[in-house]
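Take a look at the structure below.
Readers should treat all values here as calculations from the given coordinates under stated rules, not as data from a laboratory. What you are looking at is a predicted structure, and each value in this text was computed from that prediction instead of being measured. Here Cβ is always computed from backbone atoms with ideal geometry, including for glycine, and neighbour counts include all displayed protein chains.
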Amino acid sequence: MSDEPIDTELVHGEIVDGIATLTLDSPANRNALSARLVGELTAHLSVAGVDPSVRAVVLTHTGNTFCAGADLAESAREGGPMAGTERLVGLLRQIVELPKPVVAVVDGNVRAGGLGLLGACDLVMASRASSFAFTEVRLGVAPAIISLTVLPRLTDRAASRYFLTGERFDAAAAARIGLITEAGDDVGAITAPVLDAFRACSPQGLAETKPLMTGDLLEAFEERAEDLAFLSARLFASEEAREGITAFLEKRPPSWST
C-alpha cells in the first residue's frame, strides 16, 4: 500500500476545452508507481480514451518530481517486484495504445520507471530545470521493462551512455537524444501551441494516425514484455539488488560503491 492516506486521491483528472489533464499527486514518495497511483491513472486514461470530447491527454505532476519509478518500499511489502512489474507493463501499453495523443508535461525530476512513462507518451514537453536519470544500474537492477518504450526514442550511443552509467542529465541533453520533444523556460508556454493544434484535429484523424508511430512499440510488447518482466523479477530478487535498494532506502552508498 502507499503511505498516502487511503482517502487521498493520487491522480487528479479534469477535462477542459478538449484536453484531459491527469495530474500525479503523490509528492510524499515522489509520485512513485504504487499500486494505487497506477490504478487511478489507469482508470483516468480509460475514461479519457473513450470520451469523444477529448482530443489529447496531458500527463503532469505536482511536487518537484514527475515520477521516481517503482515504489521500492511497496515492492518489499508485496514480497517481490512481479506485481509492480506487471502493473508497469500494463500502464505503458495502455498509454501507447490510447487512441488519443498523450503529452507528458514535466517540471522537475524524472527517474527510472518514470522515464518509461515519457517513452510511452507521444510528446514530452519539459522545463529547462528538469533532470533525468536511468538509476536502475546503481541499484543492482536494469531498465528492463522501460527499455520497451525508451530505446526506440534514443540514439544508440545515448542509450549506451545513460543506461550504463546512471548519470543525471539535463533537459537540453534529453531533447538532443530524443527522450523529450522540447525544453523551455516556461513549460506551459511551449505546451500551449501543441494543445491548440490538437484541438483543431479530427478525432478519427488522430486515432488513425497515432498507430502509424506506435506499431513497432506494440510489436515489441508482444515479443519481449514477458521475457523482460522475468528478467526484472530475477534482478530485483538478487542479493545485489537487495543491497542496492536497502542502501537507497537508508540513504547510504551501496557496498560496491567506491
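Side notes on the structure shown:
- Here region 50-208 is treated with +1 on each Lys and Arg Cβ and -1 on each Asp and Glu Cβ, and its dipole about the Cα centre works out to around 260 debye.
- Alpha carbon convex hull of region 123-258, volume per residue in cubic angstrom: 138 Å³
- Nearest 10 degrees, 0 to 90: helix 156-165 Cα axis against the chain principal axis: 40 degrees
- Pairwise inverse Cα distances across region 124-177, averaged and inverted, put the Kirkwood hydrodynamic radius at 11.6 Å.
- Spin-label zone in region 88-121 - amide nitrogen under 16 Å from a point set 7 Å from the Cα of residue 226 along the C-beta vector: 89-90
- Rg/Rh ratio calculated on Cα atoms of the chain (Kirkwood radius): 0.95
- Charge tally in the Cβ shell below 10 Å around residue 195, where Lys, Arg are +1 and Asp, Glu are -1, residue 195 excluded: 0
- Taking only the alpha carbons of region 17-103, we obtain Rg and Dmax values of 13.5, 44 Å in that order.
- DSSP-defined antiparallel bridges as percent of all bridges, the chain, nearest 5: 30 percent
- Note, ³J(HN,Hα) from phi for region 124-135, Karplus 6.51, -1.76, 1.60, rounded to Hz, x at Gly and Pro: 9, 10, 9, 6, 5, 7, 6, 9, 9, 6, 8, 7
- For region 83-220, share of DSSP beta bridges that run antiparallel, in % to the nearest 5: 25 percent
- Cβ-based exposure ranking for 210, 251, in which fewest neighbours within 10 Å come first: 251, 210
- Cα pair distances exceeding 23 angstrom across region 74-189, given as percent: 29 percent
- Helix content alone sets the calculated 222 nm mean residue ellipticity of the chain: runs of n ≥ 4 DSSP H residues at -39500 (n - 2.57) each, divided across all residues, give -15500 deg cm²/dmol.
- Positive-pole candidate from 91, 166, 39, dipole of the chain, charges at beta carbon: 166
- Among 53, 202, 130, the largest mean-square fluctuation in a Gaussian network model of the chain (Cα springs under 10 Å) belongs to 202.
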